[in-house]
Amino acid sequence: MNDLNMGMALSGQTRRYFLEKLAKAGGTAMLLAGMDALGFGIGSAMAAPPSLAGTPKKNRVIVLGAGNAGLASAYELTKAGYAVTVVEARAFAGGRAQTARKGFQLTELGGQPQTCDFDEGLYLNIGPWRIPYHHHSTLHYTKLFNVPLELFNNDNDASFLYMEQAPGPLGGKPIRKGQVAADLLGYTSEILAKLSQQGALDAQMSAADKERFIEFLVSFGYLSKKDFNYTGTAGRGFLVEPGAGINPGPGKPSSPYAITDVLNSGMGKLLHSVSDWEQQRTMFQPVQGMEQIPKAIARHLPNGMIRFSTEVQRIRQNGNGVTIDVVKEGQAETLTADWCICTIPLSVLKTIDHGLSPRFKTAMEKSSYALVGKMGLQMKRRFWEEDHSIYGGHVYCDNPEINSISLPSTGWQSQKGVLLGYYNFGAAAAKVSGRSAADRVATAVDYGQKIFPAYKESFETGFSVAWHRVKYNLGGWGVWSEDARATAYPVLTEPDDRIYLAGEHLSYLGGWQAGAFESAWQQVERLHARAMKG
């Protein structure tokens, strides 16, 4: 039954019962997916920016930061007739929505200068790099500003799982994800079908329901209709692929791994991510890099509105307005306005003489930021496609310094490509970030060689980022403890007199561009309502 028919068929008590069962069976992720299928979606909460009617007399606004939150704030306020000035410390717009390509430069705090020397046309999104279908606010701007999208292959059955430390015959070997998924689903279906046939579920199901359930398991797990045994399926792949003539003819199907070997390998725990609310099988990415979104918004702002390469030194406010002391190329200047929207990450804002109230300062101290590292590796040959028929998707492993290797979802069958050599977090990200740029590359290339025999011979150049060491970010995204969400987060969503904070860190979509956009929309609407009251 497709989603539409399911939504039409279930109602009232039946819908509630269905959702309760989803929650018990698959946790929050499955519940959210079920709610979306039934039309109760709670993805990106805002599909369009607020309508700002009228223009107040006090309409001068300074926006601090030209990341996505700052750009959205500036654009929506400008439409409503506000006089906006955007202050950006970098020489370009986008904040963390950066794309490393030829000539892109980065010097981390205490690190060596890096200049990306990928070939022309090749790139890596070193910040956000995928868009869920339900992040309506992000998609609002890609459509509004004609930013072309392409599919991002976020889940690929042909890709590998590599558990180097796992015991048993599957440890230390690259194993196709689709084989592991087929075998675990097949064996699970077999066990459930046989238990159902033996009456184990008679207390929970009627005879008709049990018959339908077994019918589902046979289809879902590719079981024998005769004895409910799982013996494999063509979908998990062939040892010898079928072809023309007698030889290879029908080919030779692969055989399932033993269930104990799959379970002992630990690979099963890597299968749940595709059901996560924010990680669908296929997602979106802008053609030619994530930076295309902020660039498009910036192009639709008045010339000169964004003051680039301008650092904020001091923030003050009084009953009449705000003053921002800035420095550009050694020249100090004081900017004034009626209002301020500050999108500077809290990790950075804490280091500035911000003049915010003690209540705000205390709340900000309860926030933290994720330690995150990414590595782009340019390969002279797309061996993952040519040798292994892997087109996009991720290779997951049990080494936290690597965590995952991701294969590009663009440039299919071209000669060269840039893959993500690692995407690490937490303590592992901190450890790797302490190495030189060359040593980071060596870490990624040496490990990738264990999975792909052509890794080292194909490698040409690399470029890395450790977001917790980037001066104007000091972390990948905002992180809130349960206590901080309950006590500090609500404080910061409200204005501190004439200063409003916005960004992904002030949303429940942390780390996603939609969180930045929708936080900006919310604060713009609040500021406008207050300004219109005089």
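Select from the range 208-245 the residues that are assigned to a helix (DSSP H, G or I) and among the charged types (D, E, K, R) and write down the one among them that is least open to solvent (accessible area, probe 1.4 Å).
The selected residue is Arg236.
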With respect to Pro400, is the statement that it is surrounded by fewer than 18 Cβ atoms within 10 Å (Cβ to Cβ), under 24 Å from the mean Cα position of the chain (by Cα) and on the phi < 0 side of the Ramachandran plot true? yes
Taking the residues in the range 108-120 that are in contact (Cβ under 8 Å) with a residue 40 or more places away in the chain and surrounded by fewer than 22 Cβ atoms within 10 Å (Cβ to Cβ) as candidates, determine which candidate is nearest to Trp512 (Cα to Cα). Glu108
Tell me, please, whether a residue that is among the aromatic types (Phe, Trp, Tyr), in contact with a Cys (Cβ under 8 Å, 6 or more places away or on another chain) and modelled with pLDDT of 95 or more can be found in the range 502-520. no
Scanning the range 403-442 for residues that are of a type in the set (Phe, Trp, Tyr) and open to solvent by 20 Å² or more (accessible area, probe 1.4 Å), the one nearest to Leu170 (Cα to Cα) turns out to be Tyr423
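Determine, yes or no, whether Ala89 is touching an Asp or Glu at 6+ places or on another chain (Cβ under 9 Å) and aliphatic (A, V, I, L, M).
For Ala89, the condition - touching an Asp or Glu at 6+ places or on another chain (Cβ under 9 Å) and aliphatic (A, V, I, L, M) - is met.
Residues checked against (1) open to solvent by 10 Å² or more (accessible area, probe 1.4 Å); (2) not hydrophobic (A, V, I, L, M, F, W, C):
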position: Trp129; (1), (2): yes, no
position: His134; (1), (2): no, yes
position: Leu139; (1), (2): yes, no
position: Val147; (1), (2): yes, no
position: Leu151; (1), (2): yes, no
position: Asp155; (1), (2): yes, yes
position: Phe160; (1), (2): yes, no
position: Ala166; (1), (2): yes, no
position: Val180; (1), (2): no, no
Restricting to the range 264-283, name every residue that is surrounded by 20 or more Cβ atoms within 10 Å (Cβ to Cβ) and within 25 Å of Gly67 (Cβ to Cβ). Met283
Among the residues of the range 373-390, count how many are of a type outside the set (Val, Ile, Thr) and either touching a helix residue (DSSP H, G or I) at 6+ places or on another chain (Cβ under 6 Å) or under 22 Å from Trp467 (Cβ atoms) (or both). 10
Checked the range 83-107 for anything touching a residue at least 40 places away in the same chain (Cβ under 8 Å) and among the charged types (D, E, K, R); matches are Glu88, Arg90, Arg96, Arg101
I need every pair where a residue in the range 426-441 that is within 25 Å of Glu460 (Cβ to Cβ) and touching a residue at least 24 places away in the same chain (Cβ under 8 Å) has its Cβ under 9 Å from the Cβ of a residue that is in a helix (DSSP H, G or I) and of a type in the set (D, E, K, R), sequence separation at least 6 or different chains. Val432/Asp439; Val432/Arg440; Ser433/Arg440; Ser433/Arg469
Conditions: (1) open to solvent by 40 Å² or more (accessible area, probe 1.4 Å); (2) in a helix (DSSP H, G or I). Ala296 meets all but one. Number of the miss? (1)
Tell me whether the range 185-207 contains one or more residues that are open to solvent by less than 60 Å² (accessible area, probe 1.4 Å), aliphatic (A, V, I, L, M) and either within 28 Å of the chain's Cα centre (by Cα) or under 30 Å from Gly434 (Cβ atoms) (or both). no
Inside the range 168-178, can you point out the residues that are among the basic types (Lys, Arg) and either under 30 Å from Ser507 (Cα atoms) or open to solvent by less than 40 Å² (accessible area, probe 1.4 Å) (or both)? Lys177
Conditions (1) within 18 Å of the chain's Cα centre (by Cα); (2) open to solvent by 10 Å² or more (accessible area, probe 1.4 Å); (3) closer than 20 Å to Tyr123 by Cα; number of the one not met by Val445: (1)
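With the requirement that a residue be under 30 Å from Arg101 (Cα atoms), open to solvent by 10 Å² or more (accessible area, probe 1.4 Å) and not aliphatic (A, V, I, L, M), what does the range 357-377 give you?
Across the range 357-377, the qualifying residues are Ser368, Tyr369.
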Of all residues being among the aliphatic types (A, V, I, L, M) and farther than 17 Å from Ile352 by Cα in the range 468-487, which is surrounded by the fewest Cβ atoms within 10 Å (Cβ to Cβ)? Just the residue, please. Ala486
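The values are calculated or read from the model by the stated rules, or taken from the named source; none is laboratory data. Fair warning: this is a prediction, and the values are worked out from it, not measured in the lab. We place every Cβ from the backbone using ideal geometry, glycine too, and count neighbours over all the protein chains shown. Side chains are part of the model used for accessible areas, which takes the heavy atoms of the whole protein and leaves out ligands, DNA and RNA. Shrake-Rupley method; radii C 1.70, N 1.55, O 1.52, S 1.80 Å.
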